[in-house]
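Structure first, commentary second.
The values are calculated or read from the model by the stated rules, or taken from the named source; none is laboratory data. Remember, it's a predicted structure, so these values are computed and weren't measured experimentally. FYI the Cβ positions are ideal-geometry reconstructions off the backbone, even for glycines, and counts take in every protein chain you see.
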Amino acid sequence: MKYLTQLTDKRVIAPDGSLVGRITDAIASMSSRLPSVRAVIVRADAGEIFIPYEDITFDQDPEGETGTGQIRGDVKLMRPLSQVHPYVPGDADLRLNRDVLDRQIVDVQDRRVVRVNDVRLAQSGEHYCVVGVDASCRAFLRRLGKISKPIEAAARLVNRPLRSNLIAWDDVQTLDPATAGGSVRLKVSHDKLARLHPADIADIVEQLSPQEGAEVIEGLDMESAADVMAEAETAVQIAIMRHLEPETQADILEEMEPDEAADVLEAMPDAMSEQLLEQMEPEDAEDVKELLAYHHDTAGGLMTTELVAIPADLSCDQTIDRLRELAPKAETIYYVYVIDAEERLVGVLSLRDLVISPPSTRVIDIMVRNVKHVYVEDHADQVAQVIGRYNLLAVPVVSDDEKLVGIITVDDTLERLLPPERRRRARIPSHMGSGLDDA
């Protein structure tokens, strides 16, 4: 026996040759690292019978460990049913058919949500242990019985053999069967999950139910959670937010860039949005409120207020010191914007020019004065045209009186720059250059 489905629906025969019933499920104990099969559940005329595994026997796979795994014939009771002491399930037990089959888990390696179609078993001493789950089409066909053989044979004839998709049990975690209905979910350490790109985690979350997605978000550190939420589709963001505690909701919004937090809040019902703004730190909430005041299809609605702006009278050395202070709060530092005493935009320089210039050089002497910029009320399509035409990673946004109020990064306009089939919100890669040639 290699799989759970090779055991289920087998007839159970008593020593006198009478039919006891058919196996509908197997019970595995979770008391060790790999669950050990302790009993089978037999459907009989009088109801379910929990028969200990030690009281049954069956013919082993005639082809050995590498064979088909099929059980030959019926499963037999080793003693009369009247002498069998029914197995009593405990809190650490799992019903493999009911609690594992057809459940969704996350395949981290392939970054997708899959459905469990079978449970992989392996003999360990006198018992079988659960060593993994099979999420393949082949496993699903196996559950159909004899019809699976000709289908597999046909697949081999056309050089498309069906293969198993085994996921080790160590990567599957069960919830408490007594309180969670025995459902299963992925067990991935926070470090392992956090190593995935936020966009990949968002893809996984989008395939889960809102409750399951919320569990993934809660398992991440707050910075990673904010990045994942920023990558998720709007409908998914809202659905997951509804399953998070208000304090967690506020923490995530505070960790997000102001423009991303504003996008989330704008899509929420007004009452929910206002409540979350009240729970956020006043400074963070004020930045978000400022952005919410603009229409989402304008430069003001796309921009973030997290940027680096310096006075023109600083030296390069002083500017670098200022960057060390401001950079952690800025969305991008590829461009350093220069403002006058009235906070009006007067110039821009690239990080490259700043680094290679002598430390004592004044910013005003190396900055580019003709800064490509947009106004807060400019339409989003116009913003996308400016970014695309001048190959910018970000464009500054100014008010009617030329004061610098924010920036718009290329990822915030990507959907307007790419054709529909390639649209997917993306962050600016950290290794990209400044692209300031015509700034």
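Does the range 201-212 contain at least one residue that is touching a His at 6+ places or on another chain (Cβ under 6 Å) and either surrounded by fewer than 19 Cβ atoms within 10 Å (Cβ to Cβ) or part of a helix (DSSP H, G or I) (or both)? Break it down into steps so the answer makes sense when it comes.
Start the filter on the range 201-212 by keeping residues that are touching a His at 6+ places or on another chain (Cβ under 6 Å), which leaves 210-211.
Checking the rest, the ones that are also either surrounded by fewer than 19 Cβ atoms within 10 Å (Cβ to Cβ) or part of a helix (DSSP H, G or I) (or both) come to 210-211.
Checked against the condition, which is being touching a His at 6+ places or on another chain (Cβ under 6 Å) and either surrounded by fewer than 19 Cβ atoms within 10 Å (Cβ to Cβ) or part of a helix (DSSP H, G or I) (or both), the range 201-212 yields at least one hit.
For the range 218-245, the set of residues classified as in contact with a Leu (Cβ under 9 Å, 6 or more places away or on another chain) and at pLDDT below 90 consists of Glu218, Gly219, Leu220, Ser224, listed by residue number. Could we say that Val113 is on the phi < 0 side of the Ramachandran plot, at pLDDT below 90, assigned to a strand (DSSP E or B) and not assigned by TED's automatic domain parsing to the domain that holds Lys10 here? It is true that Val113 is on the phi < 0 side of the Ramachandran plot, at pLDDT below 90, assigned to a strand (DSSP E or B) and not assigned by TED's automatic domain parsing to the domain that holds Lys10.
Considering only residues that are of a type in the set (Gly, Ala, Ser) and assigned to a strand (DSSP E or B), look in the range 1-39 and name the one that is farthest from Lys76 (Cα to Cα). Looking at residues that are of a type in the set (Gly, Ala, Ser) and assigned to a strand (DSSP E or B), I get Ser29. Taking the conditions (1) more than 24 Å from Gly145 (Cβ to Cβ); (2) buried (at least 19 other Cβ atoms within 10 Å of the Cβ) in turn, Asp16 satisfies each one other than (2). Scoring Gln123 on the criteria (1) in a strand (DSSP E or B); (2) touching a helix residue (DSSP H, G or I) at 6+ places or on another chain (Cβ under 7 Å) leaves a single failure, condition (2).
Residue-by-condition table, conditions (1) among the acidic types (Asp, Glu); (2) surrounded by fewer than 15 Cβ atoms within 10 Å (Cβ to Cβ); (3) more than 30 Å from the chain's Cα centre (by Cα); (4) assigned by TED's automatic domain parsing to the domain that holds Glu266:
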| position | (1), (2), (3), (4) |
| --- | --- |
| Asp287 | yes, no, no, yes |
| Thr319 | no, no, yes, no |
| Arg322 | no, no, yes, no |
| Ile339 | no, no, yes, no |
| Asp353 | yes, no, yes, no |
| Val371 | no, no, yes, no |
| Arg389 | no, yes, yes, no |
| Leu393 | no, no, no, no |
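Contact map, the range 61-82: first residue under 25 Å from Leu144 (Cβ atoms) and at pLDDT 90 or above, second residue of a type in the set (A, V, I, L, M) and not in a loop (DSSP other than H, G, I, E, B), Cβ cut-off under 6 Å, separation 6 or more or different chains; pairs are Asp74/Ile13; Val75/Val12; Val75/Ile56.
Put simply, of Leu345, Leu349, Leu326, Leu276 the only residue that is under 32 Å from the mean Cα position of the chain (by Cα) and either of a type in the set (Gly, Ala, Ser) or buried (at least 19 other Cβ atoms within 10 Å of the Cβ) (or both) is Leu276. In the set (1) assigned to a loop (DSSP other than H, G, I, E, B); (2) at pLDDT 90 or above, the condition left unmet by Val42 is number (1).
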